[in-house]
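The structure appears below as structure tokens.
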Amino acid sequence: MKIIDFLKQENCIVSLTGKTRDDILIELTEHISNTGEISNKDNVLTALLEREKLGSTGIGNNIAIPHAKIADVQDLVAAFGISREGIEFAAVDNQPVNLVFLILANSDSSSKHLKALARISRLLKNDMFHNQVINAKSSSEVYNLIEEEDRKLA
């Protein structure tokens, strides 16, 4: 499974405007709702916030991978965003988060969900890639960087 199999270029946002974790989750949820990726943004947001109550999805190194399983999502859905200022996300290293990779999966797809989380984590932990992405100027540049690095992981 490759990240580009479930991440669309239009779901890459180079300038998130939210100032808090919840703002960012709302912004990403609104965005994927507007692109038609999800049908019930309220259910998605609730699921994401409930998941965050279990423990932060801020994995360190300025990265967060919020995720949830949703019954009305047919397959994996993703959005990627960059916060230039960084936001408090209660990350494991107590550092602000700049890169946010949101994943939604169907309630019955544990295997795909876990594989996606692992692949994204590997991708974002590469420091050189991390720096290239955070300096990207457009969604197409972000998407192309992800596609290129994703190919290297195979």
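Every number in this text was worked out from the coordinates using simple rules, so none of it is lab data. Since this is a predicted model, take the numbers as computed values, not measurements. For neighbour counting, all protein chains shown are included, and Cβ atoms are generated from backbone atoms with ideal geometry for every residue, glycine included.
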Worksheet entry | In the stretch 34-63, the residues that are more than 14 Å from residue 92 (Cα to Cα) and among the β-branched types (Val, Ile, Thr) | 35, 38, 44, 46
Response to the item:
Filter the stretch 1-36 for residues that are under 14 Å from the mean Cα position of the chain (by Cα) and either at positive phi or in a loop (DSSP other than H, G, I, E, B) (or both); the one that is surrounded by the most Cβ atoms within 10 Å (Cβ to Cβ) is 16
Worksheet item: Considering the stretch 93-118 alone, what residues qualify as being closer than 18 Å to residue 24 by Cβ and in contact with a helix residue (DSSP H, G or I) (Cβ under 9 Å, 6 or more places away or on another chain)?
Response: 97, 98, 99, 100, 101, 102, 103, 104
Discussion item. Name the single residue that is farthest from residue 93 (Cα to Cα) among those in the stretch 119-134 being polar (S, T, N, Q) and in contact with a helix residue (DSSP H, G or I) (Cβ under 9 Å, 6 or more places away or on another chain).
Written reply: 132
Practice prompt. Only residues that are surrounded by fewer than 17 Cβ atoms within 10 Å (Cβ to Cβ) and either of a type in the set (D, E, K, R) or within 14 Å of residue 59 (Cα to Cα) (or both): list them for the stretch 120-134, please.
Written response: 121, 122, 125, 126, 127
Discussion item. For a quick check of your reading of the model, give me the residue pairs whose first member lies in the stretch 115-132 and is assigned to a helix (DSSP H, G or I), whose second is surrounded by 13 or more Cβ atoms within 10 Å (Cβ to Cβ) and among the aromatic types (Phe, Trp, Tyr), with beta-carbon atoms closer than 6 Å and at least 6 apart or on different chains.
Written reply: 120/101
Worksheet entry | Filter result (in contact (Cβ under 8 Å) with a residue 12 or more places away in the chain and either among the β-branched types (Val, Ile, Thr) or outside any helix (DSSP H, G or I) (or both)) within the stretch 133-151 | 133, 134, 136, 137, 138, 142, 146
Practice prompt. Inspect all residues belonging to the stretch 84-94 and state whether any of them is part of a helix (DSSP H, G or I) and over 19 Å from residue 123 (Cα atoms).
Written response: no
